[in-house]
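Reading through the structure tokens given below for one structure.
All of the numbers you see were taken from the coordinates with simple rules; none came from a lab. All values derive from a computational prediction rather than experimental measurement. Backbone-built Cβ (ideal geometry, glycine too); neighbour counts: all protein chains shown.
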Amino acid sequence: MRIVRFIATVILLIVVFSCKKQPNVYDHVKIHTQITNKNYTDFSLDDLYYDLLYDINFAENSKNAALKINYFEKTAFKKSDSLAIFRANNLQIALTAHHSVSKERYKTLFSAANYFENNNSLYDAYLTNYLIAEYYFYLQYFQLAENYAYKAIENLGTNNNEYAFEKASTLLLISTIHWQQKKFQEAFKALKNYEDVAEYFNTKLIHPEKIKLIESRYANHFAVVESKIGTTDYTQTIKKLALTYHVNSKSSGKNRKIHQLNTLHNLILHKIEANDLDSLDFYLSQLKNEKEFLFSIPVLQLNYTVIGDYLVKIKKDTAAAKEFQKNLLIENKEKYQNVFLEKRVLEQLIQQSDSCSVAINQHYLDVVGKIKKENDQKLLVNQKVVYENHVLLRKNAQLKREIYFVVATILTVSLLVLLVIFNIIQKINLKKIKLKNNYIEQDTQALEVTLNYKNAIENKLNESKKQIFMELHDNIVNKLFSTRFSLHKDYMNPNSLAVAANTLLDVKKTLIGICDNYSEINNLFEKDSFHKMLIELIENQPNNFISFQYEFDQSIEWFKTHPKVRFHLYRVLQELLQNIHKHSSATKAKIQIFKEGEHVRLVVTDNGKGFTKTAKKGLGISNISNRLKEIDADFKMENNNGMRFIITVKF
């Protein structure tokens, strides 16, 4: 039992450890928000990390985080702490402009993603995958960005009320990625998923301005996507975009400015499509004023091409539009080398001319081919980095899994074997106890029946003796006394001898009658008593679904048999009837007792399913055999359309 408990405890601990819930990052952030700009060097890297996480992701202003991050990263490299090094890289990227990530930091991002996922640090894995998705998005590799954004969502788990702000941010990124790929229904679906988690924002931990920004981004995305899928008109979309733009124009910060310019671009584009000239020139001037910032981020450069649409559709000045577009192509070639911007400008040139030159068409096809080639190369490079980082980790993980599997299998099999053995022993012990109790109960019942019949016999014998005594006293003694009196010399007469002789003959006859009557009463009682016991045993069977019949040879003189024979035969019949109830599934049973020469035969037959080979070795059958050995009786079983037990005992 101690071994079983020990193994069960070990397996339970393994299960609990393996199923241990991931610690909630928000709980750590709440604890470490008290670190100030003056004392941050006094804390561990783990403590400082959660403080920085709060500054960058949840607080309103992260200007003071730069010094702390630099200290954090230097200390991590000095200590060769892989976890802290990867975390520092994530924080540096999250703090700076995503498009300016260096090649080395980009490579570190992929290593970090693999490291965090293999070490089950899921929040860190989320942040890494989200940064990779943003990086690809700003480089306009939308398919790769989409893949990593969905991985980030997966890292955060399935509970809507856990990490709701992070999920909402990622879903907005996914919606934008789909919109850029013209997958408007998919973009709309992502926004509906956003609505499912938005109600769970932790307003106590996350600064209200952060929440306002994400809600503003959602409003912008929803307005644009609604117009694309046709669930609203341009008028309503323009109103929503104008409101979002004016709200965000009062905010500061790089991320807010990116969002503001995206909203401004969408607003201008929809006004052009709706031919709404109200404030259109004002919005275009705002866009032109931000040209330097727009062209610092590749994905925003395409927003500037909306001026070409304005010149063609509103001003109806195709020549001015072409001049603008050709100058933009030259500027892109000299400064930016953004193939996506080049593709967008060429599309405008082709769309606004019915007979575009062969050179422009060929130029456009070259650019499309170049983009496809770069996408394929980027995907290959990405897959190579992922593969190289995963090879070693996969081998280690496989080895760990094999070790865990072997250990778990050994422990599980050992526990199961012990439990099976213990269960078998318990069942055997319980069966023995139950059988023993049944035999004790049966012995008690048989003894009670025997005592009852013994008392009845003694009572009847006493009654018979009393009657004989009265007969002797009142009849025989009186007659003998009278005979003796008549033969007295003083009273004797000639007839006295004849009278005395007749009286003595009468006394003799009476005595013979009394003896014969007593013997007959006694013999009749002895025979009836065992028959009655057997009949009562059969007729008092509890199962109403089995019909019991019996045939007894009334000529058998049971009183001539040894009491032990009667006792064991009674108990054997009792056991056989009990077996019929328990195991046979019979509907009819018949008990016969008859005499054959010097033997008495007990036959019990039922129409049940019979015994299997294992049943023949049961404790009940063994007990029957043992009892019959005590009285030198033979025992035979026949299994044919039911069961037939034949017991033969010498009379």
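Observations on the model:
- Geometric descriptor of the stretch 541-651, per residue, is 102 Å³ (volume of the convex hull of the Cα atoms).
- When you filter the trypsin sites (Lys or Arg not before Pro) in the stretch 535-640 for DSSP loop state and at most 16 other Cβ atoms inside 10 Å of their Cβ, you are left with Lys609, Lys613.
- Net length available on complete extension from Ser547 to Phe282 is 84.8 nm, with 0.36 nm assigned per residue and the Cα-Cα distance removed.
- Between Thr587 and Asn493, the C-beta separation translates, for a Förster distance of 60 Å, into a calculated FRET efficiency of about 0.15.
- Environment charge of Thr605, counting only residues whose C-beta is closer than 13 Å and scoring Lys/Arg +1, Asp/Glu -1: +2
- Binned Cα-Cα distance frequencies in the stretch 226-313 - 10 Å width, integer %: 16, 52, 29, 2
- The modelled label-to-label distance between Ile350 and Lys370, using points 7 Å beyond Cα along the C-beta direction, is 1.5 nm.
- Taking all pairs of distinct alpha-carbon atoms in the stretch 46-195, Kirkwood radius in angstrom: 15.8 Å
- Residues Thr510, Thr244, Thr231 in ascending order of nearby Cβ atoms (within 10 Å, fewest first): Thr231, Thr510, Thr244.
- Rounded FRET efficiency, nearest 0.05, which uses the C-beta distance separating Lys192 from Asp81 and R0 of 30 Å: 0.10
- D (Stokes-Einstein, µm²/s), Kirkwood Cα radius, the stretch 253-365, 1.002 mPa s at 20 °C: 147 µm²/s
- Computed E for Lys239/Ile360 - FRET, C-beta separation, R0 22 angstrom, nearest 0.05: 0.05
- For a modelled paramagnetic label at Tyr336, 7 Å from Cα along Cα-to-Cβ, the residues of the stretch 271-297 in reach, with backbone nitrogen under 15 Å, are 287-297.
- The stretch 525-584, Cα convex hull volume normalised per residue, Å³: 78 Å³
- Residue exposure proxy: Leu497, Leu415, ordered by other Cβ atoms within 10 angstrom of their Cβ from fewest to most, comes out as Leu497, Leu415.
- Shape box of the stretch 39-84 [Cα atoms, principal axes, largest first, Å]: 32, 16, 15
- Cα-Cα P(r), the stretch 186-332, percent of pairs per 5 Å interval: 2, 9, 18, 19, 20, 15, 10, 5, 2, 1, 0, 0
- Assigned charges on the beta-carbon of Lys, Arg, Asp, Glu; the stretch 541-651 dipole about Cα centre (debye): 400 debye
- Comparing Val572, Gln549, Phe611 along the charge dipole axis of the stretch 541-651, the residue lying farthest to the positive side is Phe611, per the Cβ-charge model.
- Inter-site label distance for Phe43 and Lys509 at 7 Å from Cα along Cβ, in nm: 13.2 nm
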